[in-house]
């Protein structure tokens, strides 16, 4: 399950992930190039972003071969940022509303 | 499932636990929490975790100034377009920068692999290639900054739209560029030490993987900046 001290894996894994990262980056660039707009644009951007981030963290940073406790210690805390994001979404909507109402812009 | 007990640890029956049980045993054992994870690596991960929050705060603040703005946000696709050979290509410089950084991540992953095979020459060469690609990235970023500044983009104003575009752009890409620059220096130092044979004498190439973690993190942050700042 885990490779303890030594993160030694077949080189083919890295080459495959490297290739995939290129493909995913090209795809996310093409989203902009072909002017995809609206919800489809946001959806595609986020999907490609998460896939790239996942590949980098899991394979290049060896996290999928690390001990479970280390994986949770690293992956769970950043999820708290989603709470901050949610709070700031409400705050920004409120600020925008007050600006529109009081500045009339 | 081969858990070689590290110094001072004797593997009891609970050492074979899996899933949540394994996490509980690891955290409640009266010993260091990350069994078989070298200290350097655990500490690098914790540093990267704290850095995640720094960039997380930057991107969240960018989100809130953009969402609450009554002035239209500049279209990054147009702002970062270049005219190459008469053709107007949107966002091309950023796309090239992305590919350069991903290439550098690939060479770094290879370097870590060769380090564990004790291939000193290839490890050092691949690390120096990674550093060179990183330096290329910083150079292109300097070009991008120069171009935008000459077009009148300032942290407090710009000719394209919402004033906050400038401040968030310089803050986020500047901080990321600083990380890349620091990484280039870090990798170069480690590569020279690898080439000199320092780690051969110690018989421990862990430092290459630790430096690699930092470098992949820099690439990881760029993935998020590319998606949220340039493509959104």
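Just so you know, all these numbers are worked out from the coordinates, no wet-lab data involved. Source: prediction; values computed, not measured.
Numbers at a glance
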read-out: Residue with peak Gaussian network fluctuation, chain A [Cα springs, cutoff 10 Å], from A:82, A:27, A:44; value: A:82
read-out: Pairwise centroid distance, computed over Cα atoms, of the stretch B:79-95 with the stretch B:166-195, Å; value: 25 Å
read-out: Between 0 and 90°, nearest 10: helix B:164-196 axis offset from chain B longest Cα axis; value: 40 degrees
read-out: In degrees, nearest ten, helix B:92-116 long axis to first principal axis of chain B (Cα); value: 10 degrees
read-out: Highest-fluctuation residue, B:164, B:141, B:21 considered, GNM on chain B with Cα pairs under 10 Å; value: B:21
read-out: Relative contact order of the stretch B:63-129, pairs being alpha-carbon contacts under 8 Å that are 6 or more residues apart, as %; value: 18 percent
read-out: If the convex hull is drawn through the Cα atoms of the stretch B:138-204, its volume per residue in Å³; value: 78 Å³
read-out: Nearest 10 degrees, 0 to 90: helix B:206-225 Cα axis against chain B principal axis; value: 30 degrees
read-out: Cα-based radius of gyration of the stretch A:45-87 once divided by 2.2 N^0.38 Å, which approximates compact folds; value: 1.30
read-out: Residue among B:103, B:61, B:28 with the largest mean-square fluctuation in a Gaussian network model of chain B, springs linking Cα atoms under 10 Å; value: B:28
read-out: The stretch B:38-231, relative contact order [Cα under 8 Å, separation at least 6], %; value: 29 percent
read-out: Distance between the stretch B:30-77 and the stretch A:79-99 - C-alpha centres, whole angstrom; value: 18 Å
read-out: Volume per residue that the Cα convex hull of the stretch B:87-232 spans, once the total is divided by residue count, Å³; value: 103 Å³
read-out: D (Stokes-Einstein, µm²/s), Kirkwood Cα radius, chain A, 1.306 mPa s at 10 °C; value: 92 µm²/s
read-out: Pairs of Cα atoms farther than 32 Å apart, the protein assembly as shown, %; value: 37 percent
